[in-house]
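**Q** Quick one: the structure is below, and I'll ask about it shortly.
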Amino acid sequence: MMEINEMKKMKYRDAIRLGMTEEMRRDDAVIFLGEDIGRYGGAFGLSAGMLDEFGEERVLDTPISEAAIVGTAVGAALTGLRPVCEMMHMDFVTLGMDALVNQGAKMHYMFGGQAQVPLVLRLPAGTGDGAGAQHSQSLEAWLCHVPGLKVVTPSTPAQAKGLIKAAIRDNNPVCFIEPKALYQTEGLVPLDDDYTIEIGKTLIERPGKDVTIVAYGTLLAKAMEAAAFLEEEGIEVEIINPVTLYPMDMQPIVESVIKTGRLIVAHEAPKTGGVGGEIAARIAESEAFDYLNAPILRLCGMDVPIPYSKELEASVVPQRNDFVHGVYRLLNRE
Amino acid sequence: MIELSEEILLRMYYKMNQARFFEEKVEDLLKRGIIDETVYLSKGEEATGVVSGLALEKGDLVSMTHRGHAQAIGFGLDVNLMMAELLGKSTGYCKGKGGSLHIADVLNGNIGANGIVGGGFTLSCGAALTQKHKKTGQVVLCFAGDGATNEGSFHEAMNLASVWKLPIVFLIENNLYGMSTPIAKHMNIENISDRGAGYNIPGLTIDGTDFLEIYDVMTKSLRYARAGRGPVLVEAKTYRFCGHSSDDPQVYRSTEEVQQWQEKDPLFRLKKYLQENRVFTGKQLETIEGEAKSSIEQAAEFALESLEPDITTVLEDVYA
């Protein structure tokens with residue numbers, strides 16, 4: 001028997017595969033469909049070996065037809081399977097939006113609760129590989145505007161495994177956003193095959209008392225680095241990772257702001273209309289408002305398409321030093 | 001031509017009448033303002049929905065269109081619950097949250113009407129994939145209109161269904177207009193069934209007002225799909241006697257054209273067949289019509305007497 005707490009160091013990418021593989025072994029109703037996920041092993045090598053283990057009936061290479069991939073997944077979920085489908089890049093979800101937004105998200109409600117749509121839509125997202133404007137977006141805010149969808153994003157390998165498993169076990173359509181820049185990052189991952197991360201629960205990644213930073217995806221690590229740097233100067237930053245972007249568990253953020261009186265919200269996605277604005281608004285509406293000692297600061301992507309050149313690309317999304325300066329600004333130390 | 005059993009013909013005549021009375025009752029309720037939401041009626045097109053529904057086997061699935069009342073009746077949905085849903089009542093199929101556009105009975109294989117033109121094609125692929133995966137031997141009947149075949153989802157679904165040999169029969173109810181736009185202005189082909197060729201899917205065009213041809217072709221198509229040979233595309237030429245929706249002034253077609261098609265009324269054609277072949281006596285036909293009519297009257301009563309949904313349910317069932 002494996003020790004229940006046994007951990008193994010692995011890459012974020014491999015942790016997603018491990019979670020998917022465990023769930024496919026556990027439940028025959030789980031199938032996996034997408035473009036080039038079979039023999040090729042996925043555009044990012046994420047599903048390497050899965051075809052050999054599960055066969056063509058459960059690992060299905062599709063035509064380049066995102067509308068059909070998502071629609072088929074919704075129809076299969078509605079009738080008793082638990083499909084996981086992959087958009088090669090999150091940008092391509094725009095081609096499958098009808099099936100996701102008008103169909104899958106609403107069926108449970110508009111059919112009066114009589115049906116479930118247990119599907120996972122895996123969405124490799126974000127900047128970091130110089131892929132340009134149509135392969136680098138973070139479109140989570142669009143999805144967070146649709147009641148009926150759940151939107152989650154893991155920021156570490158352990159979260160990646162626990163969250164993909166929870167997403168597959170969930171009875172709703174779950175959009176699982178995977179920042180591509182994290183694929184090669186490593187961390188300890190529990191090997192327990194019942195290890196899950198609860199959907200709808202915000203995590204406090206680092207306790208602190210001076211400034212609250214809410215960050216997710218690639219920005220969590222950047223915020224953590226900034227916090228380690230600031231600790232040397234005696235500044236204690238509290239870092240919160242919502243994990244589930246929609247519907248978001250706000251209470252830990254509210255409590256944190258009551259404690260620190262200062263809030264930074266951060267994401268790679270463009271500032272305008274982003275998830276950060278929603279968090280800021282909810283804090284402004286909450287009892288935490290009276291505790292604010294400084295304006296809320298949003299550290300977000302610029303309102304531009306993602307440029308191709310690596311230097312330009314890095315310049316449009318927040319970096320570690322932006323967090324450091326943001327904290328200084330809220331503490332009036334600049 | 002195929003011979004249909006008396007039992008099938010009885011059910012067909014009953015349900016076709018039910019479908020006609022259902023639409024007429026809805027028209028009446030619309031005029032009286034009792035229904036004041038948008039509803040799309042299928043008067044004149046009942047044969048495709050009803051007859052193909054009767055060709056299904058127990059356990060087969062169906063995906064319906066926005067003009068889906070006859071399709072639902074053909075599949076075997078309960079007219080009481082349908083009417084209650086149209087009136088937005090708590091006793092309706094969707095507890096008043098769906099309306100005509102989202103009538104569904106998912107556990108019994110009806111995966112829903114659809115408010116998105118062409119929305120059902122890819123959903124049907126998924127429902128068919130489930131049948132294939134679970135080796136149920138069931139087929140998915142996917143209804144759509146002519147206009148829907150100009151959506152990208154039609155082409156993606158046809159291609160996928162063909163490549164994966166999914167058990168689906170796509171039944172296109174070609175009523176010659178995409179809302180107001182005549183078919184000649186929205187596609188450059190005579191027969192929509194020709195579109196099957198591009199995906200190596202058998203395509204057939206039939207007379208959508210002829211119950212015998214519909215039953216014959218649908219039975220064979222369903223058998224073909226059930227045998228694992230892949231999907232079939234059937235196009236039934238038909239016509240709606242009423243407007244696109246409840247507030248359609250119908251300026252885009254002539255009364256002569258409507259009259260010409262009314263002469264091919266599928267319900268009348270069925271009745272004529274039953275009379276000429278002496279399947280039922282005049283008295284028997286009257287009895288069937290009367291029963292169908294009273295079932296719709298009862299449905300309307302049931303719906304009118306049902307309770308409105310409790311306002312507290314508005315936040316229920318967003319998530320499963």
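Throughout, read-outs are computed from the coordinates displayed, never taken from laboratory work. Bear in mind that the values here come from a model prediction, so they are computed numbers and not experimental data. Every residue, glycine among them, receives a Cβ derived from its backbone with ideal geometry; neighbour counts consider all protein chains shown.
**Q** Straight distance only, please: which lysines reach the Cα of B:Lys95 with their own Cα at less than 19 Å, same-chain residues fewer than 8 apart left out?
**A** A:Lys106
**Q** Same structure, new question: Name the helices (complete DSSP H segments) of chain A with a Cα length along the long axis of 20 Å or more and a Kyte-Doolittle mean of at least 0.0, or state none.
**A** Qualifying helices: A:218-231.
**Q** Looking at chain B, send over the antiparallel percent of its DSSP beta bridges, to the nearest 5.
**A** If we restrict to bridges inside chain B, about 10 percent are antiparallel.
**Q** Would you order A:Leu18, A:Leu299 from fewest to most other beta-carbon atoms within 10 Å of each residue's own beta-carbon?
**A** A:Leu18, A:Leu299
**Q** Cα extents of the stretch A:272-334 along the three principal axes, largest first, in whole Å?
**A** Sorted largest first, the three principal extents are 43, 28, 12 Å.
**Q** I would also like to ask the following. Output needed: percent of Cα pairs per 5 Å distance bin for the stretch A:203-330, bins running from 0 to the one holding the longest distance.
**A** 2, 12, 23, 24, 21, 11, 5, 2, 0
**Q** A 30 angstrom limit on the alpha carbon distance is what I want to check against. Which of B:Lys43/B:Lys132; A:Lys8/A:Lys180; B:Lys58/B:Lys165 exceed it?
**A** Among B:Lys43/B:Lys132; A:Lys8/A:Lys180; B:Lys58/B:Lys165, the Cα-Cα distance tops 30 Å for B:Lys43/B:Lys132.
**Q** Further question: If the cut-off is a Cα-Cα distance under 21 Å, which lysines reach A:Lys259, setting aside same-chain residues fewer than 8 apart in sequence?
**A** In chain and number order, the partners are A:Lys201, A:Lys209.
**Q** Mind putting together the pair-distance distribution for the stretch A:7-190? All Cα pairs, 10 Å bins, whole percent per bin, short to long.
**A** Bin by bin from 0 Å, the calculated values are 10, 41, 38, 10, 0.
**Q** As an exercise, use a Förster radius of 25 Å and the Cβ-Cβ distance of B:Asn188 and B:Glu263 to find the FRET efficiency, rounded to the nearest 0.05.
**A** 0.30
**Q** Return the loop-located GluC sites (Glu not before Pro) in the stretch B:126-212 (DSSP other than H, G, I, E, B) with at most 12 other Cβ atoms within 10 Å of their own Cβ; answer none if there are none. Provide the component values of the computation, followed by the final result.
**A** Values: sites: B:Glu151, B:Glu156, B:Glu173, B:Glu190; in loops: B:Glu151, B:Glu190.
When the GluC sites (Glu not before Pro) of the stretch B:126-212 are filtered for loop state and at most 12 Cβ neighbours within 10 Å, B:Glu190 remain.
**Q** For a quick check, take a GNM of chain B with Cα springs below 10 Å and name the residue from B:Thr130, B:Thr238, B:Thr205 with the largest mean-square fluctuation.
**A** B:Thr130
**Q** Using modelled backbone amide H atoms (1.01 Å from N, in-plane), which distant-in-sequence or interchain residues come within less than 5 Å of A:Ala269's amide H?
**A** For A:Ala269, the qualifying residues are A:Gly301.
**Q** If N is the number of residues in chain A, what value comes out of its Cα radius of gyration divided by 2.2 N^0.38 Å?
**A** In units of the globular-protein estimate, chain A measures up at 0.98.
**Q** Out of the GluC sites (Glu not before Pro) in the stretch B:1-81, which ones are loop residues according to DSSP with at most 13 other C-beta atoms within 10 Å? Please report the intermediate quantities before stating the final value.
**A** Numbers: sites: B:Glu3, B:Glu6, B:Glu7, B:Glu23, B:Glu24, B:Glu27, B:Glu37, B:Glu45, B:Glu46, B:Glu57; in loops: B:Glu3, B:Glu37, B:Glu45, B:Glu57.
The qualifying sites are B:Glu3, B:Glu37, B:Glu57.
**Q** Just the ratio, please: alpha-carbon radius of gyration of the stretch B:93-222 over 2.2 N^0.38 Å, N its number of residues. Show your work: numbers first, answer last.
**A** Working: Rg = 15.0 Å, N = 130, 2.2 N^0.38 = 14.0 Å.
My calculation over the Cα atoms of the stretch B:93-222 gives 1.07.
**Q** Which ordering of A:Arg25, B:Arg195 is given by a fewest-first count of other beta-carbon atoms within 10 Å?
**A** By the 10 Å Cβ count, ascending, the order reads A:Arg25, B:Arg195.
**Q** Which FRET efficiency, nearest 0.05, do B:Glu27 and A:Glu186 yield, Cβ-Cβ r, R0 60 Å?
**A** Efficiency, from the Cβ-Cβ distance: 0.35.
**Q** Report for chain A the percent antiparallel among DSSP-assigned beta bridges with both residues inside it, nearest 5.
**A** Values: 10 of 43 bridges.
Looking only at bridges with both residues in chain A, the antiparallel portion is about 25 percent.
**Q** Starting from a Cα-only point model with no solvent, please compute log10 I(q)/I(0) by Debye for the protein assembly as shown at q = 0.08, 0.11, 0.12 1/Å.
**A** The calculated log intensity ratios at q = 0.08, 0.11, 0.12 Å⁻¹ are -0.66, -1.05, -1.18.
**Q** Write down the radius of gyration of chain B and its Dmax, each obtained from C-alpha positions, in Å.
**A** 18.9, 56
**Q** Modelled label-to-label distance, A:Gln251 and A:Lys271, 7 Å Cα→beta-carbon offset: nm?
**A** Here the modelled spin labels are 3.3 nm apart.
**Q** Got a sec? Which residues in the stretch B:46-79 would a label at B:Ile8 touch, if it sits 7 Å along Cα→Cβ and we count backbone N under 11 Å?
**A** B:52, B:54-56
**Q** Could you tell me the extents of the stretch B:109-152's C-alpha atoms along the three principal axes, largest first, rounded to whole Å?
**A** On the principal axes, the stretch B:109-152 reaches 33, 19, 12 Å in Cα extent.
**Q** Where the centroid of each part is defined by its Cα atoms, how far is the stretch A:47-101 from the stretch B:186-253 in Å?
**A** If you average the Cα positions of each part, the centres end up 28 Å apart.
**Q** How much length, in nm to one decimal, is gained on full extension between A:Tyr308 and A:Glu232, taken as 0.36 nm per residue of separation minus their Cα-Cα distance? Can you show the working numbers first?
**A** On the way: separation 76, 0.36 × 76 = 27.36 nm, distance 3.56 nm.
Net length gain for the segment: 23.8 nm.
**Q** Hey, quick one: spin label on B:Ala320, modelled 7 Å out along Cα-Cβ, who in the stretch A:23-54 has an amide N within reach, i.e. under 14 Å?
**A** Only A:29-31 fall inside the zone, counting backbone N under 14 Å.
**Q** If you don't mind, there's one more thing I want to ask. What's the FRET efficiency of A:Gln319 with A:Asp27 using the Cβ-Cβ distance as r and R₀ = 60 Å, to the nearest 0.05?
**A** Efficiency for this residue pair is about 0.90.
**Q** So what's the stretch A:38-79 giving for Rg/Rh, alpha carbon basis, Kirkwood Rh from the mean inverse pair distance?
**A** Numbers: Rg = 11.3 Å, Rh = 11.2 Å.
Ratio of gyration radius to Kirkwood radius: 1.01.
**Q** Under DSSP H, which helices of chain B have Cα atoms covering 20 Å or more of the helix axis and a Kyte-Doolittle average no less than -1.0?
**A** Taking the DSSP H segments of chain B (at least 20 Å long, mean hydropathy at least -1.0), we get B:6-31, B:120-134, B:211-226, B:282-305.
**Q** Another question, then. With a cap of 15 neighbouring Cβ atoms within 10 Å, and only residues DSSP puts in a loop, list the trypsin sites (Lys or Arg not before Pro) found in the stretch A:163-217. Walk me through the numbers on the way to the answer.
**A** Values: sites: A:Lys165, A:Arg169, A:Lys180, A:Lys201, A:Lys209; in loops: A:Lys201, A:Lys209.
Passing sites in the stretch A:163-217 are A:Lys201, A:Lys209.
**Q** Residues of the stretch A:92-110 with the amide nitrogen closer than 16 Å to a label point 7 Å from the Cα of A:Ala133, along Cα-to-Cβ, please.
**A** Taking a point 7 Å out along Cα→Cβ of A:Ala133, the residues of the stretch A:92-110 whose backbone N falls under 16 Å are A:92.
**Q** Can you tell me the relative contact order of chain B? Whole percent, Cα pairs under 8 Å, sequence separation 6 or more.
**A** 24 percent.
**Q** Give the cross-link partners of A:Lys150 among the aspartates and glutamates, using a straight C-alpha distance below 15 Å as the criterion and excluding same-chain residues fewer than 8 apart.
**A** Counting by Cα, and skipping residues close in sequence, A:Lys150 has these aspartates and glutamates nearby: A:Glu140, A:Asp170, A:Glu178, A:Glu198, A:Asp249, B:Asp317.
**Q** Mind jotting down the distance between the C-alpha centroids of the stretch A:113-146 and the stretch B:12-65, whole Å?
**A** 38 Å
**Q** Provide the gained length on full extension for the span B:Arg223 to B:Leu107, in nm with one decimal, where the gain is 0.36 nm per separating residue minus the Cα-Cα distance. Working shown, then result.
**A** On the way: separation 116, 0.36 × 116 = 41.76 nm, distance 2.30 nm.
Value of the extension gain: 39.5 nm.
**Q** Once the Cα atoms of the stretch B:56-152 are picked out, what are the Rg and Dmax in Å?
**A** Rg and Dmax of the stretch B:56-152, Cα atoms, are 13.2, 38 Å.
**Q** Pull up all non-local amide H partners of A:Val84: gap of 5 or more, or a different chain, and H-to-H distance under 5 Å with H placed in the peptide plane.
**A** Correct list: A:Ile31, A:Phe32, A:Leu33, A:Val120.
**Q** Below 8 Å between Cα atoms, with a sequence gap of 6+, how large is the relative contact order for the stretch A:3-145 in percent?
**A** 20 percent
**Q** Based only on other Cβ atoms within 10 Å, what is the fewest-to-most ordering of A:Asp322, A:Asp61, B:Asp247, A:Asp303?
**A** Ascending Cβ contact count within 10 Å gives the list B:Asp247, A:Asp303, A:Asp61, A:Asp322.
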